[in-house]
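Each remark here refers to the structure printed beneath this line.
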Number of protein chains: 2
Amino acid sequence: MKIIVDAFGGDNAPVEILKGCALAVSEYKANIILTGDEKKLKTAAKENGISLDGMEILHAPDVMEMEDEPTTILKAKSNTSMAVGLKALADGLGDAFVSAGSTGALTVGATFIVKRIKGVKRPAIGMVMPTDNGPAFLMDCGANSECRPEMLHQFAKIGDVYMSAFFGIDRPRVALVNIGTEETKGDELRLEAYKLMKNDGDYNFIGNMEAREFFLGGCDVAVTDGFTGNVMLKLSEGMAKFILNNLKKALTSNLKTMFGALFVKKSVYGLKAKFDYKEYGGAMIVGVKKTVIKAHGSSDARAFKNSIRQAIECVNNDVANRMQKAFEKE
Amino acid sequence: MKIIVDAFGGDNAPVEILKGCALAVSEYKANIILTGDEKKLKTAAKENGISLDGMEILHAPDVMEMEDEPTTILKAKSNTSMAVGLKALADGLGDAFVSAGSTGALTVGATFIVKRIKGVKRPAIGMVMPTDNGPAFLMDCGANSECRPEMLHQFAKIGDVYMSAFFGIDRPRVALVNIGTEETKGDELRLEAYKLMKNDGDYNFIGNMEAREFFLGGCDVAVTDGFTGNVMLKLSEGMAKFILNNLKKALTSNLKTMFGALFVKKSVYGLKAKFDYKEYGGAMIVGVKKTVIKAHGSSDARAFKNSIRQAIECVNNDVANRMQKAFEKE
C-alpha cells in the first residue's frame, strides 16, 4: 500500500507534514509518496532532522494557495503538489491521497481528476465526529451549499457504506438533521428528502433527528446539506474551544482549585482529545473513485499522522470499492 | 408594570410556573397576571404551599397542547391559557407575556393576536446565548425554516435594536452566519442578504462570520435563517450536555480525581450556568408589537423566574417601542 501525501498543503507545510509522515512510517510501516518541490522538501527534511526513509518524492514545482480559485487546479495550477498528487492517485501510483490544502480545490480536483463514482450526483465532504455514543458521520460538511433532495438521499447511502465498512457498524442508524422529528417538519428540501430516504430499503433510516441529539449519540450517520453541515462542524469546534478555555480558567482560578487541579487535570484535560474530531483523522471527499482525505488546515504532525492512519484504514477496509459497488445498482 | 403569565404552558405547569412566579414576586416585586383554570391554579397553589400574593388570575379553561396545530390558537383553541394571555397583552391588561408552551402556537398567536410591527415581514424567534465575550443574539431560531434575503436583513435590524436596548451595547456587531468570510461565499440566500445588509447604514454590519466564531465572541448579533438557527441552538445544547456529562465522569473516574474534585467542583460545575442559555431567560418572539417571551418547555421555577426577569427588563428598557420606531422608517 502506498499513501500519496501533498507535502505543501496547509498552514504548517512542509515541516509538520514531513514530521507526520515520518511518524506514520515508523508507527504504521506506511509507504509514502510525497508531492512537492523536491529540493525544498529535501532541504526542509535535512534542516529539521527528519528522516525520509519509507518516502519517495514526486516532484511538483507549484503550490495551491488558499486564495486560488478552486477550479484553477484543473489547468493553471496543474503543476501544484495537490494536482500532481491527485493525478498520481488517478493513475494508480498510490492507493489514497492526503492533503491539508484548500478544501475547495481538493473537492474540485477529486471530482474531475480522480473522478466521480458512476451514479453519484455530487461528491461531498464527510466527517467523523466524536459523540457520547462513539463516532458518528456527518455529511455534507460544506462541498454543496445548496442541495437537492436526491443528493441528501445519496449522502445517506455514502454514510451508511462508510460507517459499516470503516467502523464495522451493523446497519448504521441514518438520520436526517431537521428542526423537529415529525415527518412534516422542515423546509421543502427536508420534506422531499425524507420521502426518498423513507422509501429506500438499502439503509436503516431512523427518520428526522433534531441537532440536539447528534452529540448525544442519536445516530451513526447524520445527513444534511453542505451549508448546515458546515455550520454544525464549525459551531461545535468553536463551542468546544469556548468550554475548554473556561474549564482551564476554572481550574486555575484560585489556590484551592489549583491544588485540586493537580489531581484531576490529567483526567480533565484528557477530555480534550475526546471532543477533538481531529483524533479521527480528516474529512473525506466522498463520492469519488478513490480515497481522498482532507486533513485539517492547521494540522500539526500528530493530526496529520492521524489523517494518514485514516487513509490506510480506508484502503484496508476497501471503503472506496464498496462505495462504488453500492452505486452500481443505481 | 404587569407581566402576564401562561400558567399552563410547558412540561412542568402549573406547579413550577407558580413557584417561578412566586420567586419573581418576592425578588423583583413583580405584579403577575396568571392565565389558566382558576380552580386548578388555586388548588395547585394550596397543595404546594405557594403564596399567590402579587398575582391575579385571568380564567382560561383550556390548555394548548404540544400536539395541537399552531393555528388552532386563533379559533378552536381561543380559550386556552396561551390565547387568553396573548389577548390580555393585546388589550393592554399587562406589559409583557411569558409562556413555556408550544413555540409554534406562541409565534402564530403573537403574530395574529398581538400583531406584527408595521413593516416587519415575518416575526421570528430571537435567543440570547452565552459566548466567550458575553451575551450574543441569535436569530431566527426556528420560526421561519425558509427565509428570503429581506427577512435576514430585518432580523439584523431587530437584533441590533435588542442588543442596544437590552444590554446597552453601543453599535452591536451584526454578522451574517456563513460558510466562509468572503463576500462571495454561501448560497443564493446569503449572497443576496449580504448585499442588503452591506448597503444598510442603520446597523454595524461586520460581514460574514463562520459559525466557529459565534461562541468565541465574534459578534453581538448573529443573523441566519430559522432552519440553521434552530440547528445551531439545538446542537449547542446537546454538545454542552455531552461535554458536561463527560466532565462529570472525568472528575469521578477514580479516587485521585474524586479527591481533587473536592477542591474544584464548585468552580467547575459553576461553569454549567455559564454555558446555560436559560440563564438569560427565554427566547423572544420578535417583530411583534409587545414583549412576548417563550420560556424553555422544560423550565423549572428558577428558569421560569429568569424569563419573567427578562420580560421585566424588556419593558424597563422599552424594547418593544424601540423596535416599532426602528421600523417606522421602512
Can you check what the net charge comes to around A:Asp62, using other residues whose Cβ is under 9 Å from the Cβ of A:Asp62 (Lys, Arg +1; Asp, Glu -1)?
0
Please tell me which of these pairs span more than 31 angstrom C-alpha to C-alpha: A:Lys272/A:Lys329; B:Lys40/B:Lys290; A:Lys40/A:Lys241?
A:Lys272/A:Lys329; A:Lys40/A:Lys241
Within the set A:Ile285, A:Ile206, A:Ile117, GNM on chain A using Cα springs under 10 Å gives the largest fluctuation to A:Ile206
Taking H placed 1.01 Å from N in the peptide plane, check which residues at least 5 places from A:Ala7 or on another chain put their amide H under 5 Å from its amide H.
A:Thr35
Rounded to the nearest 0.05, FRET efficiency between B:Met66 and A:Asp200 (Cβ-Cβ, R0 22 Å) equals 0.15
Region B:220-277-region A:126-165 distance, computed between alpha-carbon centres (Å)
26 Å
Between B:Arg322 and A:Lys248, what is the FRET efficiency for a Förster distance of 51 Å, r being their Cβ-Cβ separation, to the nearest 0.05?
0.85
Can you tell me the FRET efficiency between A:Asp91 and B:Ala76 if r is taken as the Cβ-Cβ distance and R0 is 60 Å, rounded to the nearest 0.05?
0.30
For chain B, shape from the Cα gyration tensor axes a ≥ b ≥ c, cut at a/c of 1.5 then a/b versus b/c, turns out oblate
Might you report the magnitude of the Cβ-based charge dipole of region B:125-278 about its Cα centre, with Lys and Arg at +1 and Asp and Glu at -1, to the nearest 20 debye?
1240 debye
Lysines near A:Lys75 by alpha-carbon distance under 19 Å, same-chain residues fewer than 8 away left out - which ones?
A:Lys87, A:Lys115
Return the aspartates and glutamates within reach of A:Lys198: Cα separation strictly under 15 angstrom, same-chain partners fewer than 8 residues apart disregarded; answer none if there are no such residues.
A:Glu150, A:Asp160, A:Glu182, A:Glu183
Apply the a/c threshold of 1.5 to the C-alpha gyration tensor of region B:247-318 and tell me whether it is rounded, prolate or oblate.
prolate
Order by neighbour count: B:Cys21, B:Cys314, fewest other Cβ atoms within 10 Å first, most last.
B:Cys314, B:Cys21
When a/c reaches 1.5 or more, the comparison of a/b and b/c decides; with that in mind, is region B:125-278 rounded, prolate or oblate per its Cα gyration tensor?
prolate
So for chain A, averaging the separation of alpha carbon pairs under 8 Å that are six or more residues apart and normalising by length, what relative contact order in percent results?
23 percent
Taking only Cα atoms and a 10 Å spring cutoff, compute GNM fluctuations for chain B and point out the largest among B:Phe214, B:Phe167, B:Phe205.
B:Phe167
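Every number in this text was worked out from the coordinates using simple rules, so none of it is lab data. Everything numeric here is computed off the predicted structure, so don't read it as measured data. Heads up, the Cβs are rebuilt from the backbone with ideal geometry, glycines too, and the neighbour counts pull from every protein chain shown.
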